[in-house]
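Asks: The structure's right below; bear with me while I get my questions together.
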Amino acid sequence: MSQITVNGIQTAYDVHGSGEPVLFIHGFPLSRRLWQHMVAPLAGRNTLIMPDLRGMGQSQATSDATMATYADDLAGLLDAIGQKMPVVVVGLSMGGYVAFEFFRRHRDRVRGLVFADTKAEADTPEAAKGRHETAAKVMAEGSKVVADAMTPKLFAKIAPDALVEEWRCIMSATPPMGVAAALKAMAVRPDSTRTLPEIRVPTLVIVGEEDVITPPASARTIHAGIATSQLKTIPDCGHMSPVEKPETIARMVGEFLKAC
Ligand code: MLT
């Protein structure tokens with residue numbers, strides 16, 4: 001693990017392999033460990049950059065953040081490690097929300113996009129209100145509140161209990177301040193459906209067939225809005241495709257990167 005200060009924040013990240021760069025953005029409230037199984041299959045052809053977003057994993061937390069903060073942190077990280085080449089951005093779920101913002105703010109740095117188990121729509125007012133309430137609860141009672149609520153929804157029915165438990169523990173260990181900041185950031189995130197027609201770089205949309213958090217219909221909306229996109233669905237897979245079906249997603253991303 002490497003650490004570097006980006007925008008005043010101690011940021012944890014890994015870089016693996018060499019070749020054209022790929023930036024991996026994990027979901028909420030997860031960590032770069034989400035991408036651990038991508039290293040062996042993909043590092044032979046590409047430089048894989050895997051940070052922890054601020055307030056998650058081993059990166060320092062702040063009490064507030066927005067999608068813009070996360071996106072600018074990532075651009076700052078690329079600068080700090082001297083990565084000047086445009087990147088393929090791979091974002092899962094909240095990582096996809098950040099990827100949309102990264103595209104809006106730093107589009108000359110984007111060579112391609114992979115949206116995994118994510119959606120383009122903003123929160124409804126009710127959902128946003130719920131996020132703010134949960135953020136307050138997390139600050140009072142800890143991250144377990146979110147871990148316990150999310151765990152039953154994350155995985156397909158056939159996922160092994162040990163895998164589900166591993167990720168419940170990772171979510172519980174995320175600092176409450178980072179979890180609350182991310183909840184508030186997601187609540188006010190912009191609607192990215194308007195961004196879809198502006199995306200003209202090669203794009204891969206991936207979704208687990210049993211994803212109930214960002215279901216296949218959301219993936220179809222992203223695919224329908226981006227003329228340069230392709231859509232792949234993974235059977236027997238929920239919201240956590242990189243750890244539920246690592247070989248499948250690595251093959252899909254690997255083929256995409258070769259053609260990109
Ligand atoms: C995620 O997996 O990143 C989040 O659950 C996404 C969300 O809550 O909208």
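Asks: For a quick check of your reading of the model, give me the residue pairs whose first member lies in the range 235-248 and is under 17 Å from residue 39 (Cβ atoms), whose second is open to solvent by 50 Å² or more (accessible area, probe 1.4 Å), with beta-carbon atoms closer than 6 Å and at least 6 apart or on different chains.
Replies: Short answer, once both residue conditions are applied: 246/37.
Asks: Can you pull out the residues in the range 210-244 that are within 16 Å of the ligand (Cβ to nearest atom), assigned to a loop (DSSP other than H, G, I, E, B) and either over 8 Å from residue 117 (Cα atoms) or among the β-branched types (Val, Ile, Thr) (or both)?
Replies: 210, 212, 213, 214, 237, 238
Matching residues to (1) open to solvent by 40 Å² or more (accessible area, probe 1.4 Å); (2) under 16 Å from the mean Cα position of the chain (by Cα); (3) within 16 Å of the ligand (Cβ to nearest atom):
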{"residue": "83", "(1), (2), (3)": "no, no, no"}
{"residue": "92", "(1), (2), (3)": "no, yes, yes"}
{"residue": "97", "(1), (2), (3)": "no, yes, yes"}
{"residue": "111", "(1), (2), (3)": "yes, no, no"}
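Asks: Here is a follow-up. Among the residues of the range 252-260, is any within 16 Å of the ligand (Cβ to nearest atom) and either at pLDDT 95 or above or not in a loop (DSSP other than H, G, I, E, B) (or both)?
Replies: No, because not a single residue in the range 252-260 is within 16 Å of the ligand (Cβ to nearest atom) and either at pLDDT 95 or above or not in a loop (DSSP other than H, G, I, E, B) (or both).
Asks: Would you please list the contacts, defined by Cβ atoms under 7 Å and residues six or more apart or on different chains, that run from a residue in the range 204-223 that is open to solvent by less than 10 Å² (accessible area, probe 1.4 Å) to a residue that is in a strand (DSSP E or B) and among the charged types (D, E, K, R)?
Replies: 204/232; 206/232
Asks: Return the residues of the range 167-197 that are touching a residue at least 40 places away in the same chain (Cβ under 8 Å), more than 16 Å from residue 135 (Cβ to Cβ) and assigned to a helix (DSSP H, G or I); say none if nothing qualifies.
Replies: 167, 170, 196
Asks: Given the options 245, 184, name the one that is of a type outside the set (A, V, I, L, M, F, W, C) and under 28 Å from residue 69 (Cα atoms).
Replies: Exactly one of 245, 184 is of a type outside the set (A, V, I, L, M, F, W, C) and under 28 Å from residue 69 (Cα atoms), namely 184.
Asks: Conditions: (1) open to solvent by 60 Å² or more (accessible area, probe 1.4 Å); (2) in contact with a Lys or Arg (Cβ under 9 Å, 6 or more places away or on another chain); (3) under 25 Å from residue 249 (Cβ atoms); (4) of a type outside the set (Lys, Arg). Residue 171 meets all but one. Number of the miss?
Replies: That leaves (1) as the condition not met.
Asks: Quick one: residue 148 ticks every box in (1) without any contact (Cβ under 8 Å) to a residue 40 or more places away in the chain; (2) within 18 Å of the chain's Cα centre (by Cα) bar one, so which box is it?
Replies: (2)
Asks: OK, next. Pick out the one residue from 60, 3, 10 that is surrounded by fewer than 24 Cβ atoms within 10 Å (Cβ to Cβ), more than 16 Å from the ligand (Cβ to nearest atom) and part of a loop (DSSP other than H, G, I, E, B).
Replies: The unique qualifying residue is 60.
Asks: Let me ask something additional. State whether one or more residues within the range 18-37 are within 16 Å of the ligand (Cβ to nearest atom), within 26 Å of residue 173 (Cβ to Cβ), assigned to a strand (DSSP E or B) and at pLDDT 95 or above.
Replies: Yes.
Asks: While we're on this one: Determine the pairs where a residue that is over 19 Å from residue 81 (Cβ atoms), located within the range 24-48, has a partner that is within 16 Å of the ligand (Cβ to nearest atom) and polar (S, T, N, Q) with Cβ atoms under 6 Å apart, the partner being 6 or more residues away or on another chain.
Replies: 27/93; 29/174
Asks: Moving on. Looking only at residues in the range 136-163 that are away from the ligand (no atom under 13 Å from the Cβ) and touching a Ser or Thr at 6+ places or on another chain (Cβ under 6 Å), which one is most open to solvent (accessible area, probe 1.4 Å)?
Replies: Step by step, filter the range 136-163, then rank; the result is 144.
Asks: If you go through the range 84-128, how many residues are without any contact (Cβ under 8 Å) to a residue 24 or more places away in the chain and either in a loop (DSSP other than H, G, I, E, B) or under 13 Å from residue 186 (Cβ atoms) (or both)?
Replies: Here the count works out to 2.
Asks: Then there's this: Looking only at the range 71-78, decide whether some residue is within 16 Å of the ligand (Cβ to nearest atom) and without any contact (Cβ under 8 Å) to a residue 40 or more places away in the chain.
Replies: There is at least one residue in the range 71-78 that is within 16 Å of the ligand (Cβ to nearest atom) and without any contact (Cβ under 8 Å) to a residue 40 or more places away in the chain.
The values are calculated or read from the model by the stated rules, or taken from the named source; none is laboratory data. Since the structure is predicted, the reported quantities are computational estimates derived from the model, not experimental observations. No Cβ is skipped: glycine too gets one built from the backbone with ideal geometry, and neighbour counts run over all protein chains shown. Keep in mind that these areas ignore ligands, DNA and RNA; they rest on the heavy atoms of the full protein, side chains included. Shrake-Rupley method; radii C 1.70, N 1.55, O 1.52, S 1.80 Å.
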